[in-house]
Amino acid sequence: MLIAGPFALACLLFAMSDWKRRLPWALSMSLALPVTPAVPAGGQSLPAFVVIALIAVVVTGISWLRGREQLFDFPGSTLLAVFVGWCVVVTLAGPTFFAGIPVLSSSGGIDEQVLNPSRLDYTLSNAAQVLYLLVNALLICYLATRSKLSPHLLAPGLAGVAFLSLYRLGSDKLGLPFPAGQIDQGNYALIDDPTTYRLRGVFPEPSGLGISSVVTMVYAILMITQTRGRLRAFYIAMLAAATTNYSFAHSGTGLAGGVVMALLLVGYATYRAVSDGRSMLPFAIGSCAAIVVLLLLHREVHDFVVGGVQSKLGTGSYRSRSTADSFSLRLGLKTYGIGVGLGSNRPSSLWPMLWSCTGFVGLFSFLALLVRVISSAVPAARWRPIVFALIAEVVCKTFAGSTIADPVLIMCLGLAAHAALHHRPAVEVVPPRVVRRQRMAAATPSL
């Protein structure tokens, strides 16, 4: 806590001089140390993001109770309320309704739990997950309803992770001094492969860095297309750092998420070029350049992709994670689509977690919330980097990452909801009678 504690304090001091304008930036800055504990609390340790989020939620909640804030006016707020309400109910009731049913306890590792599942009962994890859910839901509302936010708001946190992780790579490879002992503090397990070097940066395991790198690359690529000068140079450096981290993390999750997002970005660029009637020359030049790079580096690309897939499929970790997800899908059926409650079962990826813990209502309300927010925010052109960062986070969590209390996911969802509320282009509504008159005038031959 010698690093994360002062870091959280510095973020708060930065925000105090202009609370309303700077607090969202302090939240973003705190993402740079995503898991390093900053403050001890009841035997647990809270990272800087959670500390600042709690302060933001308390202050905003007091203002809302006094009638000074409108927190539930953004597209998807009703779906968020349904999701939160159902999760609270099923978490309180699930361990009673299905007491004793085999589950994968969060207190044990996945490898051990798939071989010897625990019995469902109330645990501290249930209370913690409900608390995180309420705080994060209010944080989404807080970000969504701010009057002035910037699409660059995600940059400080993602850049901090990228450059700190790159610094750790320099320490591992070149012997640069790095405070590894302070960054790696906490009660989580550190995963280092003794046979192959895998960079994990400021995360406990390489998959965390892989997911963060994919989100950062997607965000930076789209920001590069919208910026100029020094700001563009910053995003180019951010992209280079994230790409380097991505290549050294050797994360199967990052590999799968990166391939999916690359296909989505290419498809989206093609669609925009055709639908907007733009010149296809820049798109053609970019496609040819990408093909040339692939041809020149085909061996390296082949070894990275095929080697990554083969090494992942042959590991016990992959088998355990796949078994955990299959177990969770069956658990959801055993509970008749109701769920056992947040924190009661921990699979490997997002959707099996939602199905087994929150059932049909929780899974589909969360999915509907994502669809509603994303579809409403896409028309806001300047905010599309945020929207695609949110998509990248969800895509990566589809392969691995079973928690919804993820700071980047919450920030992206809140900022996308803000874009949906404040920055959608105005659409001129023409009355039907005017449309009919225009059609009649166009059909009437001139004399």
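The values are calculated or read from the model by the stated rules, or taken from the named source; none is laboratory data. These numbers were taken from a predicted model, which means no experiment stands behind them. Heads up, the Cβs are rebuilt from the backbone with ideal geometry, glycines too, and the neighbour counts pull from every protein chain shown. In case anyone asks, the SASA skips ligands and DNA or RNA and just uses the protein heavy atoms, side chains included. Shrake-Rupley method; radii C 1.70, N 1.55, O 1.52, S 1.80 Å.
For V387, V51, give the ranking by accessible area with the largest first, probe 1.4 Å. If you can, show how the numbers build up before the last one.
Numbers: V387 0, V51 25 Å².
Solvent-accessible surface, decreasing: V51, V387.
With the crude spin-label approximation of a point 7 Å out along Cα→Cβ, what separation in nm comes out for R119 versus R21?
Taking the simple label geometry, R119 and R21 are separated by 6.0 nm.
Any chance you could run the full-extension gain for S375 through R319? It's 0.36 nm times the residue separation minus the Cα-Cα distance, nm to one decimal.
16.6 nm
5 Å is the cut-off here: which amide hydrogens, built 1.01 Å from N in the peptide plane, fall below it relative to V39, excluding neighbours closer than 5 in sequence?
Amide H neighbours of V39: L46.
Would you pull out the residues with amide H under 5 Å of I101's amide H, same chain only if 5 or more places away, H placed 1.01 Å from N?
Residues meeting the criterion, in which the H sits 1.01 Å from N, are L120.
Run the quick spin-label model on T398 and L131: label points 7 Å from Cα toward the beta carbon, then report their separation in nm to one decimal.
In this crude label model, T398 to L131 measures out at 3.4 nm.
List, largest first, the extents of the alpha carbons of segment 66-144 along their principal axes, each in whole Å.
Result for segment 66-144: principal-axis Cα extents of 51, 25, 22 Å.
In whole Å, largest first, what are the principal axis extents of the Cα atoms in segment 1-138?
Sorted largest first, the three principal extents are 52, 39, 24 Å.
Mind checking the full-extension length gain between T78 and A240? Use 0.36 nm per residue of separation minus the Cα-Cα distance, one decimal, nm.
Extending this stretch completely gives an extra 54.4 nm.
Rounded to the nearest Å, what's the spacing between the alpha carbon centres of segment 385-406 and segment 43-105? Just the number, please.
Measuring centre to centre over Cα atoms gives 19 Å.
Would you mind getting me the FRET efficiency between R68 and A262? Use the beta-carbon distance for r and R0 = 51 Å, nearest 0.05.
According to the calculation, E is roughly 0.70.
Which FRET efficiency value, to the nearest 0.05, do you get for A273 and F364 by plugging their Cβ-Cβ distance into 1/(1 + (r/R0)^6) with R0 = 35 Å?
So the FRET efficiency works out to roughly 0.55.
What full-extension length gain, to one decimal in nm, is calculated for T96 and L9 as 0.36 nm per residue of separation minus the Cα-Cα distance?
27.2 nm
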